[in-house]
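Heads up: the structure comes next, in structure tokens.
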Ligand code: NAD
């Protein structure tokens with residue numbers, strides 16, 4: 001479904017991002033994963049090599065537009081074009097507002113929102129040149145309902161939806177599609193610390209009766225990245241088993 005497409009996937013070292021790397025590669029994309037540091041990128045590349053999956057990895061600081069430009073220029077030099085950008089890296093929060101500092105709030109916004117802006121700003125000119133491209137963002141079901149603590153996280157994901165819908169309108173004349181996937185609770189490190197006594201009752205509220213697997217989200221990204229979605233832009237696709245909160 002993605003033959004010869006060059007795809008960058010941020011947060012590609014584990015969880016949803018790593019599974020998206022696998023699914024895109026299986027569909028013949030040339031994949032470049034981004035991670036936060038050298039060690040985790042190397043570990044991910046090693047794991048993938050063992051699975052006979054050959055991809056490249058980089059670890060630019062997503063808060064630094066110059067570092068991003070350097071890495072993206074290297075990718076363009078090597079591959080000639082970037083067809084798909086998956087802005088997936090993200091961090092969450094769960095503290096009460098009284099216990100959250102402005103620095104902590106800003107830290108979430110910087111990675112979950114500003115980094116998407118930075119990377120999109122650098123990649124869009126290359127996509128415009130080709131008059132084609134797909135940008136995909138990882139939102140969350142909390143971008144629809146909010147959540148009862150950790151206000152920075154849902155705030156950032158509401159912003160991801162706004163950025164997605166607005167960029168979709170701005171870039172549509174250049175045949176660049178911009179969509180987001182809003183996962184429900186998904187089995188990754190992000191929820192590994194949530195105790196069983198909280199997870200179990202949560203599962204009971206999900207009509208499909210289970211939490212999501214990274215592959216559920218990766219498959220949604222595959223569809224939106226592919227030509228099957230060629231008339232879809234500006235959409236936030238919920239992949240959450242019809243979870244209500
Ligand atoms: P995860 O913690 O397994 O993965 C997070 C990824 O983000 C990692 O690959 C990590 O390298 C990257 N990352 C973290 N800090 C970074 C930084 N400073 N710079 C660059 N990269 C950084 O969690 P996940 O569940 O796979 O999360 C992926 C995305 O899915 C996030 O945007 C998250 O908000 C979203 N999401 C997750 C769930 C869930 O229940 N797991 C639900 C909704 C949305």
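At a glance:
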item	result
Paramagnetic reach from residue 228 (point 7 Å along Cα→Cβ, amide N under 20 Å) across the stretch 183-213	183-184, 212-213
Relative contact order (%) - criterion: Cα under 8 Å, at least six apart; region: the stretch 6-239	21
C-alpha long axis of helix 38-50 to longest principal axis of the chain, angle in °	80
Helix-derived mean residue ellipticity, 222 nm - over the chain, DSSP H n ≥ 4, -39500 (n - 2.57), to 500	-14000 deg cm²/dmol
Label-to-label distance, nm, for residues given as residue 130 and residue 102 (7 Å Cα→Cβ offset)	4.2
Rounded tilt (10° steps) of 15-26 against the dominant C-alpha axis of the chain	40
For the stretch 123-157 and the stretch 1-66, distance of Cα centres in Å	18
Protection proxy ranking of 72-84, 139-151 - average other beta-carbon atoms within 10 Å, highest first	139-151, 72-84
Cα shape, the stretch 99-236, gyration tensor, a/c 1.5 rule	oblate
Calculated FRET value between residue 43 and residue 91, using beta carbons and R₀ = 22 Å, to 0.05	0.70
Sites residue 27 and residue 198, calculated FRET efficiency, Cβ-Cβ separation with R0 35 Å, nearest 0.05	0.50
At 1.002 mPa s and 20 °C, Stokes diffusion of the chain via Kirkwood alpha-carbon radius, µm² per second	118
Cα-based helix-to-principal-axis angle, 214-225 vs the chain, degrees rounded to 10	40
Efficiency of FRET between residue 117 and residue 242 - r from beta-carbon atoms, R0 30 angstrom, step 0.05	0.45
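Every number here is computed from the coordinates shown, using simple stated rules; none is lab data. This structure is a prediction, so every number in the text was calculated from the model and none was measured. Cβ: placed from backbone, ideal geometry, glycine included. Neighbour counts: every protein chain shown.
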